[in-house]
Amino acid sequence: MASMTSTIDVNGVYDTWVTPHLVDLKKYCLYLTKSGWDAEDLFQESLLKSLVFFIHTKPYLDVKLFLMRVAKNLWIDECRKKQRRRRLDLADPSKSYYTDNDYVEIRSAIEWLSERFPRRNIEMWLLFYYFGYSMQEIANDMGCTTSTIKSILFRTRAMLRKREELTGNRKVIQFDVERWSHAIMQDRPRGIISRV
């Protein structure tokens, strides 16, 4: 019963934190999307994402700026998702849906990578090359510097060019392989980054 009370308290406090900024958030969502329907979806998704964050973390920052950043990041992810779909449709119009064969191909590629590279390298590589994140965005999400990202991506690229020299001597962590495969299949870049 105590956990139920704490959830209710968080929701009440959440309302007091967020309510003063709802009008501004709605305007910002409309500014980003240029569509009333998309703006409403983005608005709702931003509120849900921020609620989940505030349930686990006390706001240590300006709530309005945080809400705007959440909306912006969600919209960027949505635009990238649409770009990837367009590229996929242009490459092969018959691939407008996923099949079990797609999953097998993705999973085997991810397993191959995980046998040869550390978790961090794979996550950075997928975010940069597959999901189209900038180095600065990856650095912010992973809590490191852009020079670290550049260095790791450079080394990973160099090693991939010499595939025949790469040996699969690393222990494969099936949980990571599964998580990365699902993140790619479901087009969820936030599912790539480990929270460990």
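The values are calculated or read from the model by the stated rules, or taken from the named source; none is laboratory data. Everything quoted here is computed from the prediction, not taken from an experiment. Note that we place each Cβ from the backbone using ideal geometry, even for glycine, and neighbour counts take in every protein chain shown. Just so you know, the surface numbers come from the protein's heavy atoms only, side chains and all, with ligands and any DNA or RNA stripped out. Shrake-Rupley method; radii C 1.70, N 1.55, O 1.52, S 1.80 Å.
A few remarks follow.
- Within region 12-38, restricting attention to residues that are modelled with pLDDT under 90 and of a type in the set (A, V, I, L, M), the residue that is farthest from Arg69 (Cα to Cα) is Val13.
- Count of region 135-144 residues which are within 17 Å of Arg155 (Cα to Cα) and open to solvent by 20 Å² or more (accessible area, probe 1.4 Å): 2
- Within region 125-150, no residue that is assigned by the TED database to the domain that holds Lys81 sits with its Cβ atom under 8 Å from a residue that is surrounded by 14 or more Cβ atoms within 10 Å (Cβ to Cβ) and of a type in the set (Lys, Arg) at 6+ positions apart or across chains.
- Restricting region 39-51 to residues that are surrounded by fewer than 18 Cβ atoms within 10 Å (Cβ to Cβ) and either outside any helix (DSSP H, G or I) or not hydrophobic (A, V, I, L, M, F, W, C) (or both), the residue that is modelled with the lowest pLDDT: Lys49
- Residue in region 88-97 that is open to solvent by less than 80 Å² (accessible area, probe 1.4 Å), out of contact with any strand residue (DSSP E or B) (no Cβ under 7 Å at 6 or more places or on another chain) and modelled with pLDDT of 85 or more present: no
- Scanning region 52-81 for residues that are over 22 Å from Leu32 (Cα atoms) and buried (at least 16 other Cβ atoms within 10 Å of the Cβ) yields one hit, Phe54.
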